[in-house]
1. Nearest 20 debye, what's the magnitude of the dipole of the chain about its Cα centre given +1 on Lys and Arg Cβ and -1 on Asp and Glu Cβ?
2. Can you tell which of 90, 49, 256 shows the greatest fluctuation in a Gaussian network model of the chain with Cα springs below 10 Å?
3. As I understand it, the dipole of the chain uses +1 on the Cβ of Lys and Arg and -1 on the Cβ of Asp and Glu, about the Cα centre. Which of 137, 244, 270 lies farthest toward its positive end?
4. I need the semi-axes of the equivalent ellipsoid of the range 157-307: take the C-alpha gyration tensor, multiply each eigenvalue by 5, square-root it, list largest first in whole angstrom.
5. Can you give the calculated 222 nm mean residue ellipticity of the chain, where each DSSP H run of n ≥ 4 adds -39,500 (n - 2.57) and the sum is split over every residue, rounded to the nearest 500 deg cm²/dmol?
6. Give me the net charge of residue 69's neighbourhood, meaning all other residues with Cβ under 12 Å from the Cβ of residue 69; Lys, Arg count +1, Asp, Glu -1.
7. What percent antiparallel are the DSSP beta bridges of the chain, to the nearest 5?
8. Run the numbers for residue 49 and residue 266: contour at 0.36 nm per residue of separation, minus the present Cα-Cα distance, in nm.
Amino acid sequence: MSDKVAVLVAGSWGTALASVLAFNDLEVVAWTRNAKQARELNEEHTNNRYLPDIKLSPRLRATTDMGEAVSGAVAVLIVAPSSAMREVSRQLKTYWTEDMLIIHATKGFETESLKRMSTVISEELGCEEGSVVVLSGPSHAEEVIRKCPTTVVVASSDSKAAAAAQDLFMNAYFRVYTNRDMIGVELAGALKNIIALGAGMSDGLGFGDNAKAALLTRGLAEISRIGVEMGANPLTFAGLAGIGDLVVTATSRHSRNWRAGSLLGQGKGLEEVLASMGMVVEGIRTTKAAHAISEKFGVQMPIADQLYHVLFKDRDPRSAVEALMGRDPKTEMEIMPQEIWEQWHT
């Protein structure tokens, strides 16, 4: 069996995951459209735009030819931005064969269709959605690349595919669990970025730890509520892809979403924030998608709704917080529909 894995594309997270695979003695070929970046990876063994001052394994090489990257690979790891996932998957179709394991590690939705990334990939490749593996969990690229202890989850309705992905990535510093709930893992990974934006905005406003703790807790309730409505296992949101990823993304300065939210809270405009970040902030696109999803399913997502108005309707961040605090009184524990309770407790 081949020990080659292709990685599409070579951003910070793609490079960090490629380094995990290289550490595991696999041949790793990263595909990038940027010829200068490919030369740097091959000749200098660095990727300084995304992960400065880090020396990469010589087992990791790069190419601008997707066919070269994918040919002979046992697995293809897709780490493209959500906005580019359909285009990258469509291009992959030319080189993909059914014996290749497809894994993706992108946290977001296709904004126009509101589809999850595994759905987009399966549509373009013509494969079963359940055969795609989702990699998610609390994992900053800046720490993974330095081999800090990290634990993630790989999810697929195909248990053999999930186990194969687990075997590829598992090592002494990168622990991998499996999960069958693809929907929950994808939704949790995407939606927590919204709450991380809100947490950063709260910090930027100087509201303190009490406010952030409340935001994370009620944000998790919001994620769980829409997740269950869309078919997820509610227990997933109490795991690595749920509360684990939410905490790390909403409390760390490594988090692009937290940093973007903090700048918004300090009074910066959206265009100014995006220009200063220099990289994709998935939570911004996801907020727009979540607003549409909440309307489609008739599920209240008040935090996402207020952030939507801050990002796209020019609402002042402070007034958005006031609107959240001034909502009608609620009970904390919502009643789970009987059919969902029976589904997960029998």
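Every number in this text was worked out from the coordinates using simple rules, so none of it is lab data. Every value quoted in this text rests on a predicted model; they were computed, and no experiment measured them. Reconstructed Cβ throughout: ideal geometry from the backbone, glycine too, with neighbour counts over all protein chains shown.
1. 740 debye
2. With Cα springs under 10 Å in the chain, the top fluctuation among 90, 49, 256 is at 49.
3. Final value for the positive-end residue is 270.
4. They are 27, 19, 14 Å, listed largest first.
5. It comes out at -14500 deg cm²/dmol, rounded to the nearest 500.
6. Around residue 69, the surrounding residues sum to 0.
7. Details: 6 of 31 bridges.
DSSP beta bridges in the chain are roughly 20 percent antiparallel.
8. 75.5 nm
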